[in-house]
Structures are given as C-alpha cells and as structure tokens.
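To start, the structure itself, in structure tokens.
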Amino acid sequence: MIVQESFLKRIRDFGLNSYEAKIWTALLSRGVSTAGELSDIAGVPRSRSYDILESLEKKGFVIMKIGKPIKYIALAPEEVVERVKKRISLQANEQTKTLDELRNSDVLKELNTLHSQGIDMINPAELTGVIKGRNQIYNHLNSMLKGASKSVVLMTSEDGLIRKQKALGKTLKKLKDKGVSVKFLAPLTNKSQEEVKELKKVSTVSNIKGHNGRFCIVDNKELLFMLVEDSKIHPSYDVAIWVNTPLFASTIGKIMDHCNLTV
C-alpha cells in the first residue's frame with residue numbers, strides 16, 4: 001500500500017511516529033489483519049510490527065482479536081480522535097498537577113538557589129544566548145517581560161506588533177498594573193489600527209516609518225534582538241540573540257529616547 005508522505009505527516013498529528021502511522025493506515029485499509037500482513041502492506045520491518053501494534057493498542061488505536069493467529073482490529077477514526085483527545089487531556093491535567101506541586105516544593109527552592117548562585121559566579125560577558133524558532137523567542141521574551149521592574153522598549157515590524165499584542169497582551173497588562181513603563185515602536189499603517197488601539201491601553205505606541213528592526217530592552221539591562229527581517233523568513237527559522245548587557249542596553253535605550261518619533 002502506497003500512502004503519500006504528506007498524508008502520513010498529518011496522521012502524526014494523532015501523536016504517532018512514522019512506523020505507527022504506516023501500520024495504522026494499513027490496518028484501516030484492511031479492517032482486520034495479522035502483524036505479518038500489516039508489515040508487508042506498510043513496508044515496516046517485521047521485527048518491529050508487534051511492538052508497534054502493542055503501542056497502538058495502548059494508545060487506543062487498535063484492538064487485539066482473540067484467537068490464533070493473532071489479529072488486530074482497527075477502531076473507527078472518529079472513536080480514535082475522542083480517545084486521543086481524552087488521553088491528552090488526562091496527561092495535561094496530571095502534568096499540571098505535578099508542576100503545581102513542584103511550585104511550592106523544597107525541590108524548586110533548592111533549584112532556584114542553585115540557579116542564583118550559579119548566575120552570581122558567571123562573568124557578565126557570558127550571559128548571552130541564541131534562541132531559535134519564533135515560539136521559543138516569544139517564550140523567552142515573555143519571561144523577560146515578567147521580570148521587568150522599570151521599563152520595556154519593544155521595537156518591531158507591523159506584523160510583529162500584531163503578533164505581540166495577541167501573544168503578550170496579558171503580560172503587558174500586568175506590567176502596567178506594576179507601574180512598568182512600556183514603549184512600542186513600529187512602522188504603522190491602518191492594518192494594525194485595532195492592535196494599536198489595544199496596546200495604547202497598556203503602553204505608548206510610536207510610529208517609526210521605514211524601519212523593520214526587531215529588539216526588546218528590559219530595564220536597560222537585558223537586550224533581545226532578532227537577526228533577520230520577519231517577512232523574509234519562516235517562523236521556525238527565526239533567530240534571536242539574548243544578551244545581559246547593561247552598558248549596551250542602556251545606550252540603545254537612551255538613543256531611542258532622543259529619536260524624533262510620531263505617535
């Protein structure tokens with residue numbers, strides 16, 4: 001059985017690896033089959049087929065039929081979706097519960113102590129890092145904002161401003177409540193007027209036409225800057241540099257304060 005690779009990739013959204021996806025689709029095409037038959041149909045090594053089917057059984061995709069030779073029955077995809085949804089929900093609840101317990105545990109306190117002691121021993125020049133992928137960049141950016149106590153300056157593209165309003169809105173609201181000064185700078189058009197309206201509730205927004213650079217300065221100490229223009233790269237290939245550099249960050253901050261900006 002030949003299954004397009006693009007289709008198999010979508011099947012993996014069910015939480016399956018490549019071999020599991022091939023065996024499951026092969027079984028769906030047969031309804032009931034043995035491990036050997038499925039191995040031949042799917043092009044999966046026979047030595048792996050039993051382990052794969054056992055995994056699919058545990059995940060709720062197939063049922064082992066009673067009798068000899070051992071055969072497997074495919075469950076309806078609609079039923080599988082409900083089972084996968086329930087399993088993911090249970091796992092998420094269990095993990096959330098575990099993390100909540102860790103939050104107030106001695107383990108976390110000891111880990112925080114180790115981290116703070118380690119940071120004290122690091123040369124400031126070594127507090128740098130490369131962050132790859134826009135999701136990871138936004139995670140780090142959100143962490144930086146949460147730690148802000150005085151000021152935040154965010155320069156971005158117009159599309160970046162739209163993304164940040166959606167992704168960081170709750171954090172920005174908390175910064176306003178803490179009294180932290182937040183400033184956005186971006187080249188603006190009517191495209192972003194709704195986002196600008198929302199951002200002005202928690203920050204100042206300035207129009208810097210003709211500039212698409214992207215960076216963030218927190219408390220004139222931490223600097224995060226992106227290396228490429230966001231419109232020219234896929235989000236998964238976006239790259240940022242994080243630096244803990246009070247001298248450089250404060251210098252950039254002062255330069256931005258003296259720029260002639262239109263609101």
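Any read-out appearing in this document is the output of simple, stated calculations on the displayed coordinates, not a laboratory observation. Nothing here was measured: the structure is a model prediction, and the numbers come from that model. Cβ: placed from backbone, ideal geometry, glycine included. Neighbour counts: every protein chain shown.
Measuring between alpha carbons in the structure, the pairs from Lys170/Lys200; Lys164/Lys200; Lys176/Lys197; Lys150/Lys221; Lys164/Lys209; Lys150/Lys209 lying more than 22 angstrom apart are Lys150/Lys209.
Structure remark: mean-square fluctuation, Gaussian network model of the chain, C-alpha springs under 10 Å; the largest value among Ala21, Ala240, Ala249 belongs to Ala21. Compared with the dominant principal axis of the Cα atoms in the chain, helix 106-121 is inclined by about 50°.
Distance between the pseudo-spin-label points of Arg30 and Lys173 (7 Å out from Cα toward the beta carbon): 5.4 nm.
Springs join every pair of Cα atoms under 10 Å in this Gaussian network model of the chain, and among Ser105, Ser47, Ser236 the largest mean-square fluctuation is at Ser47. Kindly identify the chain as rounded, prolate or oblate by the Cα gyration tensor criterion: order the square roots of the eigenvalues as a ≥ b ≥ c, call it rounded if a/c is under 1.5, otherwise compare a/b with b/c, prolate if a/b is larger, else oblate. Taking the square roots of the gyration eigenvalues as a ≥ b ≥ c, the chain is prolate.
According to the square roots a ≥ b ≥ c of the eigenvalues of the Cα gyration tensor, what is the shape class of the stretch 126-257, taking rounded for a/c under 1.5, prolate for a/b larger than b/c otherwise, and oblate for the remainder? The shape class here is rounded.
Could you compute the FRET efficiency for Ser105 and Arg83, with r as their C-beta to C-beta distance and R0 at 30 Å, rounded to 0.05?
After rounding, the FRET efficiency stands at 0.40.
Shown here for the stretch 206-244: trypsin sites (Lys or Arg not before Pro) in loop regions (DSSP other than H, G, I, E, B) with at most 13 other Cβ atoms within 10 Å, namely Lys209. Comparing Arg87, Arg134, Arg163 in a Gaussian network model of the chain (Cα springs below 10 Å), the most mobile by mean-square fluctuation is Arg87.
Taking each residue as 0.36 nm, the span from Ile70 to Thr251 lengthens on full extension beyond its C-alpha to C-alpha distance by 58.0 nm.
Once you have the Cα-Cα distance between Arg46 and Gln193, take 0.36 nm times their residue separation minus that, and quote the gain in nm to one decimal.
Values: separation 147, 0.36 × 147 = 52.92 nm, distance 5.92 nm.
That pair, Arg46 and Gln193, stretches by 47.0 nm at full extension.
Rounded, prolate or oblate: pick one for the stretch 5-75, where a ≥ b ≥ c are the square roots of the eigenvalues of its C-alpha gyration tensor, a/c under 1.5 means rounded, and failing that, prolate if a/b is larger than b/c, else oblate. Prolate, since a/c reaches 1.5 and a/b exceeds b/c. Estimated from helices alone, the mean residue ellipticity of the chain at 222 nm is -17000 deg cm²/dmol (sum of -39500 (n - 2.57) over DSSP H runs with n ≥ 4, per residue).
Label zone (Tyr237, point 7 Å along Cα-to-C-beta; backbone nitrogen cut-off 18 Å) within the stretch 132-166: 132-137.
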